[in-house]
């Protein structure tokens, strides 16, 4: 899922950030580079397996895979076109659906949470619900605390999930997740500052269902996956529903430090915050369409892409060794890390997924950043 921004310490948010990596045009991006990059990524500490695909102007430049489906080299290789969890890249898709509803006049960006979901006021689940807007939830400026991580004793954000990572069967309603955040301190006044919170998108998923009368999975398919030809993409909704077809399995240490397979991550927890399962081809198709303005009018797209006021996240940009900047969207949760790199004009995408055997994702994430150089900036 991610459900938190990957690479919080390294400055990568689950929204868009820029990196000093690749330009390289189609002539220098070769199929063999993708395979080489996946093999290199799979050798990084904490990575079990990796898959990725590169695209220029919608045409595949190459697919690749490295490592193994299961821990310790077991299970054979991962198919290069395997499905994987995209984590918080789901949020961009959910926000796109919300803003399409705004375009249709069925919702307003300044509509209040309390009016759209009266139960959160009635049951006292979200403070300031009568002040918080759709715009603020999309942009993570609502001040609603995150349900994902356990707070540290000093009140700072913790690293460990609030839920049992190894419980693949309990069905949670979105309101159950919202309740987890209720006793945590707000991160600011509505609209005051940026603070990442999965609760925002759990609530936005509920709003989509309330406004349309359809479940979130159906709306994502009807508005995005179907029209964009994302034929292998879907949103699992019922635990223990997992990833269809052969794919890589991720692992996470339990309380004793023993690595356990978390492939059947609880689908009812991920949801609108990070539950979509996709492929390198499909997630690149979405990112290309979004970046090129084919899904939203500019004024609505900017609600999602412009940096909110008081957003202190580093915006890393500059010239890399072979040209222009690429943007990143990414996601992570126990057992995996996924990133999609893309150019500002939407012509180039590189989608990568790694299954993991570590809790700390910083090492695998740094290795994933090097993938771009291998694919788009070959030395020869």
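No value in this document is a laboratory result; all are computed from the given coordinates. Model, not experiment: these values are computed from the prediction. Because the Cβ atoms are built from the backbone with ideal geometry, glycine has one as well, and the counts that use them run over all protein chains shown.
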Would you calculate, for the chain, the mean residue ellipticity at 222 nm contributed by helices, counting each DSSP H stretch of 4 or more residues as -39,500 (n - 2.57) and dividing by all residues, to the nearest 500?
-> -8500 deg cm²/dmol
Report the relative contact order of the chain, percent, no decimals, based on alpha-carbon pairs under 8 angstrom and at least 6 residues apart.
-> 32
What is the fewest-to-most order of 249, 140, 171, 221 by other Cβ atoms lying within 10 Å of their Cβ?
-> 171, 221, 249, 140
Where the eigenvalues come from the Cα gyration tensor of the stretch 92-204, what are the semi-axes √(5λ) of the equivalent ellipsoid, largest first, in whole Å?
-> 24, 16, 14
From the C-alpha gyration tensor of the chain, pull out the three semi-axes of the equivalent ellipsoid (sqrt of 5λ each), sorted largest to smallest, in whole Å.
-> 31, 24, 19
Normalised Cα Rg of the stretch 114-268, dividing by 2.2 N^0.38 Å with N its residue count, works out at 1.15
Is the stretch 101-144 rounded, prolate or oblate when judged by the Cα gyration tensor, a ≥ b ≥ c being the square roots of its eigenvalues, rounded requiring a/c under 1.5 and prolate requiring a/b larger than b/c?
-> oblate
Candidates 339, 206, 93: whichever shows maximal mean-square fluctuation once the chain is modelled as a Gaussian network with Cα springs under 10 Å | 206
